[in-house]
1. Show which lysines lie in cross-link reach of Lys16 when reach means a straight Cα distance below 18 angstrom and same-chain residues fewer than eight apart are skipped.
2. Just read off the accessible area of Trp189 with the full protein assembly in place, 1.4 Å probe, to the nearest 10 Å².
3. If you place +1 on the Cβ of every Lys and Arg and -1 on the Cβ of every Asp and Glu, how big does the dipole about the Cα centre of the chain come out, in debye to the nearest 20?
4. Sorted by accessible area with a 1.4 angstrom probe, largest first, how do Ser123, Ser51 fall?
5. Nearest 500 deg cm²/dmol is fine: what mean residue ellipticity at 222 nm does the chain get from its DSSP H runs of n ≥ 4 alone, each adding -39,500 (n - 2.57), divided by its residue count?
6. Pick out, in residue order, every one of the trypsin sites (Lys or Arg not before Pro) in segment 110-146 that is DSSP loop and has at most 11 other C-beta atoms within 10 Å; say none if there are none.
7. Taking 8 Å as the Cα distance limit and 6 or more residues as the minimum spacing, I'd like the relative contact order of the chain as a percentage.
8. Ignoring ligands and nucleic acids, what accessible area does Asp47 show with a 1.4 Å probe (Å², nearest 10)?
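The values are calculated or read from the model by the stated rules, or taken from the named source; none is laboratory data. Keep in mind the model is a prediction, meaning the values are calculated, not measured. We place every Cβ from the backbone using ideal geometry, glycine too, and count neighbours over all the protein chains shown. In case anyone asks, the SASA skips ligands and DNA or RNA and just uses the protein heavy atoms, side chains included. Shrake-Rupley method; radii C 1.70, N 1.55, O 1.52, S 1.80 Å.
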Amino acid sequence: MIDHSKGSFFGRRVGKPLRAARREIFEAAIGRLQPDLGHPAPADLRDMFTSPVDGVWMEIGFGGGEHLLHEAGRLPRTGFIGVEPFVSSLAKTVADIEAAELGNVRVYGDDAIKLLDWLPEASLDGIYQLYPDPWPKRRHWKRRFVNPVNLDRIARVLRPGACFRFASDIDTYVEWTLAHLAAHPAFEWTAERAADWLVPWQPWSGTRYEDKAFREGRKGHYLEFRRR
C-alpha cells in the first residue's frame, strides 16, 4: 500500500461557504471533471479528456485558475489536470471551465501526492507549480512541497525530456528548490543565462499571487528543470 502521508500537502481546504449558484454548478460538474482514484488510471491519460489532445500537463496548486485556464484556452490540443485542494478556488475554476466549455481540462480537489501516485509512469509532458505556499518559517520548511520524496513522485510520472516548471517570489524557496533539484539525479536545470529564470515562460498569463507579490515589491523567479 502506498503511504500518501510522505511529502503530504499542508494547507487550507475550506473557506467561505459557496454561493448557491456556484455550488450548483460545482456539484453538477465535479464528478465529470475529477478523476476517480478508486479506479485504475487509464494507460493513456489522453483518454481522460472529451476533446482530442496530444499530450498532458499538470498544474499543482492552481489557485484562482488564471494560468490553468489561460494555457487550456491557448493550447486546445493539450490536456491539463489542475490540482487545488482549496474548495473555493476549485469551485471558481470549475465554473470557469464550464462557462468556457473546455474539454481539455480536468481537476482534482485533494492532495496532489495522491494523484501523482495514481498516475501511470512517464505519463505527463510537464508539471507546473506556481507560487506555492513558501512556509517561510524555518521550522515549517519540511512542509514545502518540493522535497526529495515528492521529487521522486514527479520524476516517476514525467516522460524523459518533459519539464517541471516552478515559480516563486520567495528567495529562500527559490534557493531551496534549486538545491533540491540539483541534488536529484533525474533533473537538470535548463537555464543558460539570467533571463532564463528572471523572465516567465511566454506567453505568460500571470497569477493573482504573482500580482500580489509585485504590489508588495517582490519579483518572480521562474525555474525550469528537464527530466533526464
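1. Cross-link targets: Lys92.
2. 110 Å²
3. Taking the Cα centre of the chain as origin, the dipole is about 760 debye.
4. Ser51, Ser123
5. When only DSSP H runs of four or more count, the value is -10000 deg cm²/dmol.
6. Lys137
7. 21 percent
8. Roll a 1.4 Å probe over it and Asp47 shows about 120 Å².
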